[in-house]
Structure formats: C-alpha cells, structure tokens
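The values are calculated or read from the model by the stated rules, or taken from the named source; none is laboratory data. All figures in this text were calculated on a predicted structure; none of them were measured in a lab. In this analysis, Cβ positions are derived from the backbone assuming ideal geometry, glycine residues included, and neighbour counts consider all displayed protein chains.
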C-alpha cells in the first residue's frame, strides 16, 4: 500500500501540522508533528525528544528575539499512558486533563475551553491539538479567530484504521498575507512507512517546495507507539538545519 500524502503536498505553507493514525499493520499508533516557518525566527528552531516528551526549541537566542518566544518555544508532544500533541503550551493542559477511561474527545474539550487563538496579528495563528488514549479512536481540534474576534472551537473524533490517518494544520495552505486559517474537517491520508524514520521522511518530502521556491520546512517528528509508554515507542526526528541534503 503506497503512501498518499497528496492533501499535504498540495499545501504550500501549512504552518504546523498534526497527523494521527495507525501503521499498515495496526500494531503502532502513529503521530507526526511537523513545523514549517517563513520568518527567520520561525526557521531558527528544532525539535528535541527525550523521555516521552518533545519540545520545540530555538537554534539561536538572538534570532529568536525577533519573534515571540512564548509562541515559538513550547512542549509539542507527551507520551505516557496516552498521547498528547499540540502547537503550543496548551499541550500541558491536555496532559493535566487526561483521566482513566476518559475519551480523547472529552479530554480536548475540557482542557482547551480557556484557550484562544494565538495573538500574533495579523495571522492570529490557530491552536491545533491531538489526543489518543487507545488504538480505537483519536481526536483533533482547532481553535481559530472568528470575524467578531471571538474564538471558534472545532473538535473531531475519528476511528483509527490500519494504514490510515487524519491531519490538521494551522493554515489552509496558500502562501499569502495574512495567512488563511485551516478550515476543513481533518483530511484523510494513507501511511505506508514501516518505521518512524520512513514515515518522517515521507512527510518531510511531501512538504518539499516547487523548484526554485523557498523551502519553509523546519522539522518533522514521527512517533510509533506500540503501547502508550515511552519505553514502547520509537521516535524519529528530521531537523532541517541538521540535515545533509
């Protein structure tokens, strides 16, 4: 079964992306967190993973000062008896609201009620999140700005099917100003990678720019969870700044 990442590859600038699904065998829960950036401060970052936790960190503290550290540095993923992933500090709130026997959907609804979109005018970047507590269902969410400046909150729960996944992004895809927020239900993609390294490479390649265009890729993390525990998980990371093309 070949991978089909066309819905992702058609997005010129997606911002941040979360993918959650199952590998083709159904044995491993897959999550991908991808970062793209246009500004120097957004590009000057990397993903680091240790002990079941991933963080987005700066490469250069001086360059980072050109952006907002609160929006550029954050915990992006937790693996414990659950999976929690997001594009900001609200990851911690998702973790704190997970309870035994509680669904992924309910966890997101309860943990994100006090969060709004990011205050980064003029884009007002949405906050995206993902959660899974078993290999049967996953949930994704997005909080974005409404015309009246209030927050629109959308939550999606879907069944996990071997080889299939769904994704959500912060932006709709066009490289324009201001950036339009992601506005679809999470599209389905097909995953064929047998390892986190293969899957990370497939996603990284899907974000490759057209010939002669700027490369917005920053980093891709892919985790394969055989069980909901760091010791039973395999993680691969591609940081563009460390990659030898």
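Go through segment 31-42 and report how many residues are in contact with a strand residue (DSSP E or B) (Cβ under 6 Å, 6 or more places away or on another chain) and surrounded by fewer than 23 Cβ atoms within 10 Å (Cβ to Cβ).
Of the residues in that region, 1 qualify.
If you scan segment 215-245, which residues turn out to be in contact (Cβ under 8 Å) with a residue 40 or more places away in the chain, assigned to a loop (DSSP other than H, G, I, E, B) and closer than 18 Å to residue 15 by Cβ?
Correct list: 216 only.
Might you let me know whether segment 52-65 holds any residue that is closer than 19 Å to residue 171 by Cα and either at pLDDT 95 or above or more than 14 Å from the chain's Cα centre (by Cα) (or both)?
The answer is yes; a qualifying residue exists.
Please enumerate the residues belonging to segment 104-115 that are part of a loop (DSSP other than H, G, I, E, B) and buried (at least 18 other Cβ atoms within 10 Å of the Cβ).
Result: 112, 115.
Against the definition (within 16 Å of the chain's Cα centre (by Cα) and under 24 Å from residue 38 (Cα atoms)), how does residue 132 come out, yes or no?
no
Which residue is nearest to the chain's Cα centre (by Cα), if the candidates are limited to segment 233-245 and must be at pLDDT 95 or above and surrounded by fewer than 19 Cβ atoms within 10 Å (Cβ to Cβ)?
Checked segment 233-245; the qualifying residue nearest to the chain's Cα centre (by Cα) is 239.
Which of the residues that make up segment 154-205 are in contact (Cβ under 8 Å) with a residue 24 or more places away in the chain, more than 23 Å from residue 26 (Cα to Cα) and more than 17 Å from the chain's Cα centre (by Cα)?
Across segment 154-205, the qualifying residues are 174, 175, 177, 178, 179.
Within the bounds of segment 4-20, is there any residue that is within 27 Å of residue 69 (Cα to Cα), surrounded by fewer than 24 Cβ atoms within 10 Å (Cβ to Cβ) and free of Cβ contacts under 8 Å to residues at least 40 places away in the same chain?
Scanning segment 4-20 turns up no residue that is within 27 Å of residue 69 (Cα to Cα), surrounded by fewer than 24 Cβ atoms within 10 Å (Cβ to Cβ) and free of Cβ contacts under 8 Å to residues at least 40 places away in the same chain.
Provide a single number: the residues in segment 53-91 that are buried (at least 18 other Cβ atoms within 10 Å of the Cβ) and assigned to a loop (DSSP other than H, G, I, E, B).
4
Return the residue satisfying two criteria in turn: it lies in segment 115-129 and is at pLDDT 95 or above and in contact with a helix residue (DSSP H, G or I) (Cβ under 8 Å, 6 or more places away or on another chain), and of such residues it is nearest to residue 33 (Cα to Cα).
Ranking the qualifying residues of segment 115-129, first place goes to 129.
Residue 140 versus (1) closer than 20 Å to residue 83 by Cβ; (2) touching a helix residue (DSSP H, G or I) at 6+ places or on another chain (Cβ under 6 Å); (3) at pLDDT 95 or above: which is the lone unmet condition?
In the conditions (1) closer than 20 Å to residue 83 by Cβ; (2) touching a helix residue (DSSP H, G or I) at 6+ places or on another chain (Cβ under 6 Å); (3) at pLDDT 95 or above, residue 140 misses (2) alone.
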